[in-house]
Amino acid sequence: MGKTLAEKILSEKSGTEARAGDIVVAQVDLGFIQDTTGPLTVRQFREAGFRKVSGSLRTAVFLDHAVPSPNRELANDHLFLREFVRDTDCFFSDVGGGISHQLVAESLARPGDLIIGSDSHTVTAGGLGAFACGMGSTDVAVIFHLGKTWLRVPESIGVSVSGQFPEVVSGKDLILHLIGLIGADGATYQSLEFGGESVSRMSVSQRLTVANMAIEAGAKVGLFPADDITQEYLAAQGRAGDYRPLFPDEDAAYVRTVAINAARLEPMVARPHTVDNVVPARELKGTKIQQVYIGTCTNGRLEDIEVAARILKGKKRHPETRLMVLPASRAVLQAAIAAGFIETLLQAGAVILPPGCGACLGLHQGVLGDGENCLTTANRNFKGRMGNSEAFVYLGSPATAAASAITGEITDPREFR
Amino acid sequence: MLKGRVHKYGANVDTDAIIPARYLNVSEPEELARHCMEDIDTEFVNRVRPGDVIVATTNFGCGSSREHAPLAIKASGVSCVIAGSFARIFFRNAINIGLPLLECNEAVDGTEAGDELEVELASGTIRNLTRGTEFTAKPYPEFMSELIAAGGLIEHTRQRLSNRRT
């Protein structure tokens, strides 16, 4: 019997014939923390009496959730983490570098790696064929010291995508459609593995978007094969040597398969307050939007900003709709400036925020007012998520967000073709 | 033996609901507990008593990897959480910090807010004293039982490292 991507990677990392359901102890290639969960990792690390970070894995610290710091307490957390970096020699990205998941994709993740971060959206790197999975602060503290962790090998759901994506329909619409179909716990404890002829044409940027939201269906990991497109992406980052092809075996066993015809997808939106509350954007026409948010680890890449800029070119945001754009990393911001997208967005009335998580988790930079609606390209619309339990968060693609910024209400971007 | 009254919730209680991100810079569990559930149930912190049990339907603890969520629940005095299912990162975090979780659909269906429960963790036995009913939760995988017996992941790792040295 052949192996799924999850079984292949965990077999290699554990030195066993890992099969779904087995519990294995696996070598971790990259462990990382960020500024909201990282301080607890460091405290647990010290509480356990650990002094050294294991030399068997790469470790990283990212300041991205509250950057630049909005208050004294978070500024002190940043100080605490900088001090830990000085003591341990971890890879470090300070304020303004960008979101951990984007930087991991740009410079650290390799196909076949086992990556554990103290952030649930660590799954993003699955877009490059890495078994990337979020854990809590204590698990990562132990990983920093031991270089390994225990994992239950997940069963896999095979998602096969065929057909040509219609214009302005993207990976974001695909993953929202899938979560709407299987539910917010439809893949709990399992691996979501994507394949099919459409996937073999999908850009890494979109694969990262899809993998990023695997956790919103409860999945442990969202995995893509590593193929020619992965190779081109890594080469473009100056990391050609990090590539290796990685595919599931043809006779791998899946607990469930889901077939999606991309040609029949349309722009989708998740309504408050759960990610599986998904409907076509056109059904929400007339829903007024006070804030549009384009960015985050889900959709803050150059391709996303380009889509938004093309729709907003020569147009203005609706006077009652604030438009905020936050690139996922410094490199994305620089490329977006060089391509003229940032100028286009500024002319349309956008506020450009520094690379980071921004208001996605409600700490600063666009917290919502009572009764306000926000359409964001992020991944979560939980009650209170954007800092106010009296506000409403809708999730959509960069195209849907840009179109809605122009009209001031939720708008199917096909109206702006 | 754990004993307490039930606080009941529905599906998809996410970690932003358990503890909003605005409190993630708080390191004292007691302070986290003062804000537990505040965005979905403002009365929880006033109602909860030591030993009480949270009962929820499915996908409890979905969302962020914040370990502050099980820490806030534990520090609020809750002795265990019973649900039809848990999100996996939350499940792992709770075990790591020593908050017991039990999966049992029947107990969830047969329990209402305010009922008094008695829970025997070792056997997974859940008794509803208010209704005179009894349920058995799914047993933990053996590896997880070891973690729980050791008192969480940090203790488990410490013990293994010191055994190796001796």
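The values are calculated or read from the model by the stated rules, or taken from the named source; none is laboratory data. Owing to the predicted nature of the structure, the values given are computational and were not obtained by experimental measurement. Ideal geometry is used to build each Cβ from the backbone, glycine not excepted, and the neighbour counts take in all protein chains shown. Surface accessibility is based on the protein's heavy atoms, side chains included, excluding ligands, DNA and RNA. Shrake-Rupley method; radii C 1.70, N 1.55, O 1.52, S 1.80 Å.
State which residue is nearest to B:A94 (Cα to Cα) when the search covers only region A:103-118 and only residues that are open to solvent by less than 10 Å² (accessible area, probe 1.4 Å) and outside any strand (DSSP E or B). Applying the filter and picking the extreme gives A:S118. Annotation: A:A75 fulfils all but one of (1) in a helix (DSSP H, G or I); (2) more than 17 Å from the chain's Cα centre (by Cα); (3) touching a residue at least 60 places away in the same chain (Cβ under 8 Å); (4) facing chain B (nearest Cβ under 10 Å); the unmet one is (3).
For the structure I just gave you, tell me whether A:G369 is touching a residue at least 60 places away in the same chain (Cβ under 8 Å), surrounded by fewer than 20 Cβ atoms within 10 Å (Cβ to Cβ), in a loop (DSSP other than H, G, I, E, B) and not aliphatic (A, V, I, L, M). In short, yes. Under the condition of being touching a residue at least 40 places away in the same chain (Cβ under 8 Å) and either out of contact with any helix residue (DSSP H, G or I) (no Cβ under 9 Å at 6 or more places or on another chain) or in a helix (DSSP H, G or I) (or both), the residues counted in region A:392-416 number 16.
Count of region A:311-355 residues, restricted to those that are crowded, with 21+ Cβ neighbours inside 10 Å, assigned to a loop (DSSP other than H, G, I, E, B) and touching a Lys or Arg at 6+ places or on another chain (Cβ under 7 Å), is 3. Scanning region B:42-61 for residues that are among the charged types (D, E, K, R) and farther than 15 Å from B:G114 by Cα yields nothing. When region A:193-204 is filtered for residues that are within 15 Å of A:G129 (Cβ to Cβ) and touching a residue at least 60 places away in the same chain (Cβ under 8 Å), the ones remaining, listed by number, are A:E193, A:S203, A:V204.
Exactly one residue out of A:A236, A:A263, A:A217 is more than 21 Å from A:A132 (Cα to Cα) and either hydroxyl-bearing (S, T, Y) or in contact (Cβ under 8 Å) with a residue 40 or more places away in the chain (or both), and it is A:A263. Residues satisfying the criterion are present in region B:17-35 (criterion: of a type in the set (F, W, Y), more than 13 Å from the chain's Cα centre (by Cα) and within 11 Å of chain A (Cβ to nearest Cβ)). Of the residues making up region A:271-285, at least one is surrounded by fewer than 16 Cβ atoms within 10 Å (Cβ to Cβ) and among the acidic types (D, E).
Residues are listed down the side, and each one gets a yes or a no for (1) open to solvent by 10 Å² or more (accessible area, probe 1.4 Å); (2) more than 24 Å from A:G158 (Cα to Cα); (3) assigned to a loop (DSSP other than H, G, I, E, B):
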| position | (1), (2), (3) |
| --- | --- |
| A:E7 | yes, no, no |
| A:E12 | yes, no, no |
| A:A20 | yes, no, yes |
| A:V25 | yes, yes, no |
| A:F32 | no, yes, no |
| A:P39 | no, yes, no |
| A:Q44 | yes, yes, no |
| A:G49 | yes, yes, yes |
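Can you tell me which residues in region B:75-119 are touching a residue at least 60 places away in the same chain (Cβ under 8 Å), acidic (D, E) and open to solvent by 10 Å² or more (accessible area, probe 1.4 Å)? Result: B:E112, B:E116, B:E118. In region A:36-61, the residues that are facing another protein chain (nearest Cβ under 7 Å) reach residues that are of a type in the set (D, E) and in a loop (DSSP other than H, G, I, E, B) with C-beta atoms within less than 9 angstrom, at least six apart or across chains, in these pairs: A:T36/A:D119; A:T37/A:D119; A:T37/B:E67; A:L40/B:E67; A:Q44/B:E67.
A single entry from A:I175, A:I157 fulfils the requirement of being modelled with pLDDT of 95 or more and under 27 Å from A:R417 (Cβ atoms): A:I175.
Condition check ((1) within 14 Å of chain A (Cβ to nearest Cβ); (2) over 30 Å from A:R46 (Cα atoms)) across all residues:
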position: B:A113; (1), (2): no, yes
position: B:T125; (1), (2): no, yes
position: B:T133; (1), (2): no, yes
position: B:P141; (1), (2): yes, no
position: B:A149; (1), (2): no, no
position: B:G152; (1), (2): yes, no
position: B:T157; (1), (2): yes, no
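Of the helices (runs of 4 or more DSSP H) lying entirely inside region B:1-74, not one carries at least 1 residues that are of a type in the set (S, T, Y), touching a strand residue (DSSP E or B) at 6+ places or on another chain (Cβ under 8 Å) and surrounded by fewer than 20 Cβ atoms within 10 Å (Cβ to Cβ). Among the residues of region A:20-40, those that are of a type outside the set (A, V, I, L, M, F, W, C) and farther than 24 Å from A:T188 by Cβ comprise A:Q27, A:D29, A:D35, A:G38, A:P39. Right, A:D304: within 14 Å of chain B (Cβ to nearest Cβ) and either among the aliphatic types (A, V, I, L, M) or surrounded by 19 or more Cβ atoms within 10 Å (Cβ to Cβ) (or both) or not? No: the conditions fail for A:D304. Among all positions in region A:85-94, there is at least one residue which is modelled with pLDDT of 95 or more, over 26 Å from B:N96 (Cα atoms) and either part of a loop (DSSP other than H, G, I, E, B) or in contact with a Pro (Cβ under 7 Å, 6 or more places away or on another chain) (or both).
Remark: pairs (first residue in region B:150-164, closer than 24 Å to B:P100 by Cα; second residue of a type in the set (V, I, T); Cβ separation under 7 Å; 6+ apart in sequence or on different chains) = B:G152/B:I97; B:L153/A:T138; B:L153/A:V142; B:I154/A:T138; B:T157/A:V142. Scanning region B:74-111 for residues that are within 14 Å of chain A (Cβ to nearest Cβ) and at positive phi yields one hit, B:G98. Taking the criterion of being in a loop (DSSP other than H, G, I, E, B), open to solvent by 60 Å² or more (accessible area, probe 1.4 Å) and more than 18 Å from A:L353 (Cα to Cα), the only residue of region A:56-71 that qualifies is A:S56.
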